[in-house]
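Read the structure below first, then the notes.
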Amino acid sequence: MSNDIQHKHFTRSEMVSELLRKKALTVIFTLILLSAILFIAGLSAGSTVLNPLDVVKHLTGAGSGEHNFVIHTLRLPRMLLAMLAGAALGVAGLIMQGVVRNPLGSPDIIGVTGGASFAAVFFLTRLAGSVSIKWLPIAAIVGAAAVSALIYALAWRKGVTPVRLVLVGIGLSACTGALTTMMIVLNDEYSTTRAYLWMTGSVYGAKWSDVYSLLPWVALLVPLSLLFAKSANVLETGDETAAGLGVRIQLHRIGMLTISVALAGAAVAFAGGIGFVGLIAPHIARKLVGRAFGYLVPVSALIGSMMVALADVVARTAFLPLDIPAGVFVSGIGAPFFIYLLYRSRHQ
């Protein structure tokens, strides 16, 4: 009798798992299709409006080459860089929220993006004249890593708890923000304008070299994050439960934070201080596919890439001939969403 009950239980669990898998695959396929449509639309829109069929022909090698400069040199690297940066920020935010077990956790909220921005602005205002601009991405990544290490060290007390990570991170985020503002105020007008535009977040003037530099970070670290799928699912249940199931909590937490910091630092290095993507994308992903980390990674990546790409398309077409930084539009959506999350979490 008990064997029959167990068999029915496992069968029901397998059915639920299969339904979740099919739902997740359907969502992923739909998002890929929407991303492709957005990609073609983004390459078509601009001061020179192109026929989407001409864009498709160009991408497939069947075009006449008439629009080669507009598509291949100006718009294609910009769209690719926006999508790569958005995917990196989306997954970085997902990992961060999983580690700190807080819906408000994201690289820009707890200071990781602030560290990258501080290092990048320091580079632009103090070192740009004497050091090649090619070192800017490295400076941003080093800044993100340094602040993350400081957050972890200050939050350590016989281990690290999610609450301490969030509180220390918010404090350091305020500090790096104040220092960044001070550097901007104390420098000349040219350096200040350049640094401010970068901080706002923009993929204006994106080059193929930027795409080739960011691509390895996303292509390596996003799949690598899937290796932590099981431990991420267990860590959500709490440290005591995770430890009881044999998960090496601090080791897995450090590994996941390292991936999150590297993704956020790389994205900020090439696209500037675009905020709120890492906060919003994981929340939308959970609404679509539930809380299984293995499904959340690709969905968060796709949603993040679509957010930044759509923001950039709107930014460069809505106010022609002006080219507004994409970060302005993302923040316009992200700030009200952040307030909504605060309101929803007020009793927790």
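Please determine whether any residue of region 67-87 is closer than 21 Å to I339 by Cα and in a helix (DSSP H, G or I).
Taking every residue of region 67-87 in turn, none turns out to be closer than 21 Å to I339 by Cα and in a helix (DSSP H, G or I).
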* **Filter result (over 13 Å from S106 (Cβ atoms) and in contact with a Pro (Cβ under 9 Å, 6 or more places away or on another chain)) within region 255-284** => G265, A266, A269, F270, G272
* **Of the criteria (1) at pLDDT 85 or above; (2) open to solvent by 10 Å² or more (accessible area, probe 1.4 Å), which one T125 fails** => (1)
* Of residues in region 42-58 being part of a helix (DSSP H, G or I) and open to solvent by 50 Å² or more (accessible area, probe 1.4 Å), the one nearest to P77 (Cα to Cα) -> V56
* Taking region 99-122, which residues are small (G, A, S) and open to solvent by less than 10 Å² (accessible area, probe 1.4 Å)? -> G105, S106, G111, G115, A116, A120
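Which ones in region 191-212 are among the small types (G, A, S) and over 16 Å from the mean Cα position of the chain (by Cα)? I'd like the intermediate steps shown before the answer.
Step one: of region 191-212, the residues among the small types (G, A, S) are 191, 195, 201-202, 205-206, 209.
Listed by number, the residues that qualify are S191, A195, G205, A206, S209.
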* Condition test on I32, is it at pLDDT below 90, assigned to a helix (DSSP H, G or I) and either of a type in the set (K, R) or open to solvent by 80 Å² or more (accessible area, probe 1.4 Å) (or both)? -> no
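Quick check on region 161-172: of everything there that is in a helix (DSSP H, G or I) and not hydrophobic (A, V, I, L, M, F, W, C), which residue is surrounded by the most Cβ atoms within 10 Å (Cβ to Cβ)?
Keep residues of region 161-172 that are in a helix (DSSP H, G or I), which gives 162-172.
From the residues that got through so far, the ones that are not hydrophobic (A, V, I, L, M, F, W, C) too are 162, 164, 169, 171.
Values: P162: 19, R164: 17, G169: 29, G171: 14.
Residue satisfying both the conditions and the ranking: G169.
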* Of the residues that make up region 153-160, is at least one surrounded by 18 or more Cβ atoms within 10 Å (Cβ to Cβ) and within 22 Å of the chain's Cα centre (by Cα)? -> no
* Within region 63-98, which residues are modelled with pLDDT under 90, open to solvent by less than 70 Å² (accessible area, probe 1.4 Å) and among the small types (G, A, S)? -> G63, G65, G98
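The values are calculated or read from the model by the stated rules, or taken from the named source; none is laboratory data. None of these values were measured; they are calculated from a predicted model. Note: ideal-geometry Cβ built from the backbone for every residue, glycine included; neighbour counts use all protein chains shown. Ligands, DNA and RNA are excluded from the accessible area calculation, which covers all protein heavy atoms including side chains. Shrake-Rupley method; radii C 1.70, N 1.55, O 1.52, S 1.80 Å.
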